[in-house]
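Q: If you scroll down you'll find the structure; I have some questions about it.
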Amino acid sequence: MSNVNIGKQAAGEVAAKLVHDGMIVGIGTGSTVAYFIEALGRRVQTEGLKIHGIPTSEATVAHATRLGIPLVELTPQTCPDLTIDGADEANPKLDLIKGGGGALLREKLVAAASAEFVVIADSSKRVAQLGAFPLSIAVVPFAVANLMAQLKEEFEVAPRLRLLASGEPFVTDDGLAILDLPFERIQRPAILDKRLKVMTGVVETGIFIGLAKRMLLGHPDGRVEAVYPVD
């Protein structure tokens, strides 16, 4: 196992220990969360842990179902007590860039509805400033061409339409396209988030502001560090 995957697995396994009987748990999407799902599934199977999960993607639905984790939909009556999800980048305030897996809309809906949102990541995801990882935005497919031109003019970036290996456009579980924006440096993520959201055709951005209360950071030696927002 690579050093990165050791960190991911360690963070996922520690996060699974935060779950208690009777909880509704938001379950994110991605390679780090996959380790959390595996650890949570083991607890359900071996300890008889009684929980319900709210998945943020069809991939998560399939993984959790295979391990016997009961699932429910997000409603006002089923807001998560705890959500565990990954991140592509996290700054000292625990502002995040997410969306590398394409599930950013459902991930933000579940995180925003949660009593507590905990990020799990390997140590490479902690950064001083967001932006080295391209920012993903979910957009209406009909608007792609116009948005790409508008984004290039307004922000002086070259948006990339996310494609599958076949060359076909990537489509999210909600039928949206993904544009990846290589800003390189995002100095004011909250302001950028607002500017992007007012553009017609943009449904959601991968900037997560003020949602994460804690991050479990897995290191290559298997150590897991708890990180809290710094003002």
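Q: Do we find a residue being open to solvent by 10 Å² or more (accessible area, probe 1.4 Å) and either β-branched (Val, Ile, Thr) or more than 29 Å from LEU18 (Cα to Cα) (or both) anywhere in segment 129-139?
A: Yes, segment 129-139 contains at least one residue that is open to solvent by 10 Å² or more (accessible area, probe 1.4 Å) and either β-branched (Val, Ile, Thr) or more than 29 Å from LEU18 (Cα to Cα) (or both).
Q: Same structure again: From VAL61, VAL4, which residue is modelled with pLDDT under 95 and either surrounded by 15 or more Cβ atoms within 10 Å (Cβ to Cβ) or in a helix (DSSP H, G or I) (or both)?
A: Answer to the selection: VAL4.
Q: For segment 202-227, give me the residue count where each residue is farther than 20 Å from VAL110 by Cα and open to solvent by 50 Å² or more (accessible area, probe 1.4 Å).
A: Summing the residues that are farther than 20 Å from VAL110 by Cα and open to solvent by 50 Å² or more (accessible area, probe 1.4 Å) in segment 202-227 gives 5.
Q: Please go through segment 64-102 and pick out each residue that is open to solvent by 10 Å² or more (accessible area, probe 1.4 Å) and among the hydrophobic types (A, V, I, L, M, F, W, C).
A: Of everything in segment 64-102, those that are open to solvent by 10 Å² or more (accessible area, probe 1.4 Å) and among the hydrophobic types (A, V, I, L, M, F, W, C) turn out to be LEU67, LEU71, VAL72, LEU74, CYS79, ALA87.
Q: Name the residues in segment 141-180 that are in contact with a Ser or Thr (Cβ under 8 Å, 6 or more places away or on another chain), assigned to a helix (DSSP H, G or I) and basic (Lys, Arg), would you?
A: none
Q: Note down all Cβ pairs under 7 Å where the first residue falls in segment 13-37 and is closer than 19 Å to ALA115 by Cβ, the second is open to solvent by 10 Å² or more (accessible area, probe 1.4 Å) and among the hydroxyl-bearing types (Ser, Thr, Tyr), and they're at least six residues apart or on different chains.
A: Final answer for the pair search is ILE24/THR78; GLY26/SER114.
Q: Out of LEU147, LEU105, which single residue is touching a residue at least 40 places away in the same chain (Cβ under 8 Å) and over 24 Å from ARG214 (Cα atoms)?
A: Only one candidate passes the filter, namely LEU147.
Q: Considering only residues that are assigned to a helix (DSSP H, G or I), open to solvent by 50 Å² or more (accessible area, probe 1.4 Å), over 24 Å from GLY102 (Cβ atoms) and not acidic (Asp, Glu), which ones fall in segment 15-58?
A: Residues satisfying the conditions are ARG42, GLN45, THR46.
Q: Which ones in segment 112-128 are out of contact with any Ser or Thr (no Cβ under 8 Å at 6 or more places or on another chain) and crowded, with 24+ Cβ neighbours inside 10 Å?
A: Hits for segment 112-128 are VAL119, LYS125.
Q: Can you find a residue that is of a type in the set (Phe, Trp, Tyr), in contact with a Pro (Cβ under 8 Å, 6 or more places away or on another chain) and under 24 Å from ASP95 (Cβ atoms) anywhere in segment 175-185?
A: yes
The values are calculated or read from the model by the stated rules, or taken from the named source; none is laboratory data. Keep in mind that what you see is a predicted model, and the values were worked out from it rather than measured. All Cβ positions, glycine included, derive from the backbone under ideal geometry; neighbour counts span all protein chains shown. Just so you know, the surface numbers come from the protein's heavy atoms only, side chains and all, with ligands and any DNA or RNA stripped out. Shrake-Rupley method; radii C 1.70, N 1.55, O 1.52, S 1.80 Å.
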